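Report on the following structure.
The values are calculated or read from the model by the stated rules, or taken from the named source; none is laboratory data. Since the structure is predicted, the reported quantities are computational estimates derived from the model, not experimental observations. Ideal geometry is used to build each Cβ from the backbone, glycine not excepted, and the neighbour counts take in all protein chains shown.
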Amino acid sequence: MKDAPHPAGANCSLGSNPGAPASCRLRALRANLVLPQFCICLRPCRLSGPLFLMMACACLLFSITPVFAEDAMVEAQKVFKQFSEMERAFDPAVAELFAPNAVVKDVRVYQDGQTKTITWSGTDYKQVLRAGLPVAKIRNDLNTYSAIAYSREGANVRIKGSRHNTLKKYSGPFELVVAPVTANGRTSWKIIEEFTQSEP
């Protein structure tokens, strides 16, 4: 049996009118491709199998990808919030935010203009933090952060900003890269890179 012609002014929403003619449903599906957030309402209908599958897959691809991107930004903001708050509290548990295979670099700038780059692995830097934060607490050696910006790099998120040391009164660039890391069957967001600039 052929589908009835599309009535003038008829509602072409797949969700609200699943019994509409195929021509109407196809028109609604095309509209959903423009606004992919509504594509989740797709369900089997009288469109031909291959055509429906192709259009549904394309629709879901465009609707799901922005969600993943948004989730990554949210997770990165959570990690940075934990990092800055725990550091400000001189909490050695901040070390757990670093992945074991993280790369941590600090460029030390001397008064004569010379520089020296010190690099740690994530495992070694965890030990540095656990040993150094109690000493920093006694000296009130505190860092504050400003001008924080987030940018996507594939599945990872890079965090850039400025770091100010309140004890030695200097400021310098600061970067973190956070990423989903799986260990023991569990995935969590960790710091996989840190870059800082400091003065001795």
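Have a look at PHE68, PHE62 and point out the one that is within 24 Å of the chain's Cα centre (by Cα), surrounded by 12 or more Cβ atoms within 10 Å (Cβ to Cβ), at pLDDT below 95 and in a helix (DSSP H, G or I).
Criteria check complete, one pass: PHE62.
If you go through the stretch 89-102 one residue at a time, how many are surrounded by fewer than 17 Cβ atoms within 10 Å (Cβ to Cβ), of a type outside the set (D, E, K, R) and more than 16 Å from ASN143 (Cα to Cα)?
Qualifying residue count for the region: 3.
Please identify the pairs in which a residue from the stretch 65-88 that is closer than 18 Å to LYS137 by Cβ has its Cβ atom under 6 Å from the Cβ atom of a residue that is modelled with pLDDT of 95 or more, counting only partners at least 6 apart or on another chain.
PHE83/LEU97; SER84/TYR145; MET86/VAL94; GLU87/VAL94
For the structure I just gave you, tell me whether ARG186 is under 18 Å from LYS78 (Cβ atoms) and at pLDDT below 95.
Considered against the rule, which asks whether it is under 18 Å from LYS78 (Cβ atoms) and at pLDDT below 95, ARG186 comes out as yes.
Of all the strands (runs of 3 or more DSSP E) wholly in the stretch 115-200, which have at least 2 residues that are in contact (Cβ under 8 Å) with a residue 40 or more places away in the chain and either touching a strand residue (DSSP E or B) at 6+ places or on another chain (Cβ under 6 Å) or surrounded by fewer than 11 Cβ atoms within 10 Å (Cβ to Cβ) (or both)?
Passing ranges, in order: 143-153, 156-165, 170-183, 186-198.
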